[in-house]
1. Could you tell me which numbered condition Ser240 fails, if it satisfies all but one of (1) modelled with pLDDT of 90 or more; (2) small (Gly, Ala, Ser); (3) open to solvent by 50 Å² or more (accessible area, probe 1.4 Å)?
2. Restricting region 246-268 to residues that are within 30 Å of Glu155 (Cα to Cα) and not in a strand (DSSP E or B), which is most open to solvent (accessible area, probe 1.4 Å)?
3. Tell me, please, whether a residue that is surrounded by fewer than 17 Cβ atoms within 10 Å (Cβ to Cβ), at pLDDT 80 or above and over 22 Å from Phe126 (Cα atoms) can be found in region 192-199.
4. What pairs come out if I take residues in region 178-198 that are over 15 Å from Phe165 (Cα atoms) and pair them with residues that are part of a loop (DSSP other than H, G, I, E, B) whose C-beta lies under 7 Å away, six or more apart or interchain?
5. Kindly establish whether Asp170 is among the charged types (D, E, K, R) and touching a strand residue (DSSP E or B) at 6+ places or on another chain (Cβ under 7 Å).
6. Go through region 335-364 and report how many residues are open to solvent by less than 10 Å² (accessible area, probe 1.4 Å) and part of a strand (DSSP E or B).
7. Select from region 269-283 the residues that are open to solvent by 70 Å² or more (accessible area, probe 1.4 Å) and more than 14 Å from the chain's Cα centre (by Cα) and write down the one among them that is modelled with the lowest pLDDT.
8. If you take the residues in region 138-152 that are exposed (fewer than 13 other Cβ atoms within 10 Å of the Cβ) and within 38 Å of the chain's Cα centre (by Cα), which one is farthest from Ala124 (Cα to Cα)?
Amino acid sequence: MVNLKDKKGVYVLMILLLAFFSSCELFTDQKAHEHTTQYTCPMHPEIIKDEFGTCPICKMDLVPKVTEAEQVKDVSLESLLQPTNSLVVSKIGLTKISESDEEMTIEALGFTAYNDNYTGSVAARFGGRIEKMYLKYNYQDVSKGQKVLEIYSPEMLTAQEELLFLVKNDAENIVLIQAAKQKLQLLGVSPQQINQIIKTKESNFTLPVYSAYSGHIHDVGEPEQAMAVSATTTKLQLRSGMYVNKGDVLFKVYNPEHLWVLVDIYTHQQKMLKVGAPVSIRVETHPDKPIQAKINFIEPFFREGAKTIKARINIDNPKQHLPVGAQVKATIKAETLSGKWLPETAVISLGMNEVVMLKTAAGFKVHEVETGYRGNAKVQVLKGLGAEDEVAVNAQYLIDSESFIAIKP
C-alpha cells in the first residue's frame, strides 16, 4: 500500500521530469533553429554568413549550412544496408549546376631552356690534327668571329701550295687562280687569309677555325645540355692532338640571350589553349618581376613517359638575365566559355568516365556525367544533370577507399 504522501512525492517527481524533458526539447529546437540561420556558398564552403545573401566571390545565392552533427532522418534500413559503391548516406553539403560565362585561366609549371632557333654549330670544314685549342671547358663564352682552335691539314697545305704555284708561275691565268682561291674559301679560309698567303708567299701549316655564333659552348655528345645545364663545369671532349674529319661538328653554341619557356599543359586544358594567348610568367629567380608574353607554339604530341604537351613561349633574355633550367609558373589567359558548371571537387574522374554523387531520397548515388572544359576550379557539365539535380560538393568524401565505384544506367 502507498500512502497519499508517497503519491504526492511521485506526482512531484513526474512533474519535474516532464519539465526537464520539455526544456531539453526546447533547447534542441532552439539549437536547430540557430543552426539553420547560418548560410554558406555551394561553390565556396569557406563563406559562412548569419543572413541570407549572395557569395562575395561568385555571386551565387547562399544556402543553409548543414553540419555533420545533424541526424540523418527518414532513412530506411534497406538504404543503410546498401554497399558504398551504389548508395551512400550522408549529410555533406549540396550544390547544383550553375550557368555562367567563365574567363578561363590555366596555371602551368615549366622551365626555361635555350632557344634552338639561335643555336649554332662549329664544324670542321677540312680534316686534320688539332694543333691548338683556345677553349677548354663547357659553358665558356664565345663570340662570333672568335678563334676556337687550329688544325694541321695536309689537304689545306696542298691547296695553298697550288695557289702559290699558280701565282708564281702563271700569274696571268686569272681563271685558275680564282678557282684555287675559291677552293680555299670553300674549305673555310677567309679572303683576308688568302690575301695574306699570296702576300707572304708562304703557306701555313695550321689554319684556324672560327666560331660563326655567340653564346655558350657545349660538347656535341651532350644534347640534353640545351635543356638543363649540368651543375658541374666539365672539360671539353676535344683535346690537342686529336684528329677530326671534314664535316665533324666540334662544338654546339647556345645563345643565352634568347630563351624558351616550356610549360606543361594537361589533357583537359589543351582545348582551351590557343597560339597567341597572353601569358604572365613568374621565374623562381625573379618572383617579383612577372614577364608578359604570348604562346608562340604548342607541340602536337605527348613526350615519352608524360601525359602533357609542351607550350612554348619565346623570351628575349638580355634584360631579364634568366638562368637556363629555372623553374617557372605561368598564368595563361584562355578563352571565355559559356556553359553549365560544377565545382571541381564535385566531379570524380575514373579515367575515361566522370561521375558525381547525386542526391536521392534514400541517400547519394553514383551518377555518370559528360564533362567538357576544366578551369577556375570548375568543371563544365555537358550531359547527365538537370537544373534541379543536387550533388555532393565534395564527392571524394563519399567514396570508400576500399570500394569499387559501380556506374549503373
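The values are calculated or read from the model by the stated rules, or taken from the named source; none is laboratory data. This is a predicted model, so every value here is computed, not measured. Note: ideal-geometry Cβ built from the backbone for every residue, glycine included; neighbour counts use all protein chains shown. Heavy atoms of the whole protein, side chains included, go into the accessibility calculation; ligands, DNA and RNA do not. Shrake-Rupley method; radii C 1.70, N 1.55, O 1.52, S 1.80 Å.
1. Failed condition: (1).
2. Here is the first cut: in region 246-268, the residues within 30 Å of Glu155 (Cα to Cα) are 246-253.
Applying the additional criterion that residues be not in a strand (DSSP E or B) yields 246-248.
On the way: Lys246: 116, Gly247: 50, Asp248: 57 Å².
Applying the filter and picking the extreme gives Lys246.
3. yes
4. Pairs that qualify, where the first residue is over 15 Å from Phe165 (Cα atoms) and the partner is part of a loop (DSSP other than H, G, I, E, B), are Leu187/Arg125; Leu187/Phe126; Gly188/Arg125; Gly188/Phe126.
5. Values: among the charged types (D, E, K, R): yes; touching a strand residue (DSSP E or B) at 6+ places or on another chain (Cβ under 7 Å): no.
Spelling it out, it is not the case that Asp170 is among the charged types (D, E, K, R) and touching a strand residue (DSSP E or B) at 6+ places or on another chain (Cβ under 7 Å).
6. Taking region 335-364 as the starting set, the residues that turn out to be open to solvent by less than 10 Å² (accessible area, probe 1.4 Å) are 341-343, 346, 355-357, 363-364.
From what is left, the residues that are part of a strand (DSSP E or B) are 341-343, 355-357, 364.
Final tally of qualifying residues: 7.
7. Of all residues in region 269-283, those open to solvent by 70 Å² or more (accessible area, probe 1.4 Å) come to 271, 274-275, 282.
Subsequent filtering for residues that are more than 14 Å from the chain's Cα centre (by Cα) retains 271, 274-275.
Working: Lys271: 80, Lys274: 88, Val275: 91.
Filtering region 269-283 for residues that are open to solvent by 70 Å² or more (accessible area, probe 1.4 Å) and more than 14 Å from the chain's Cα centre (by Cα), the one modelled with the lowest pLDDT comes out as Lys271.
8. Asp141
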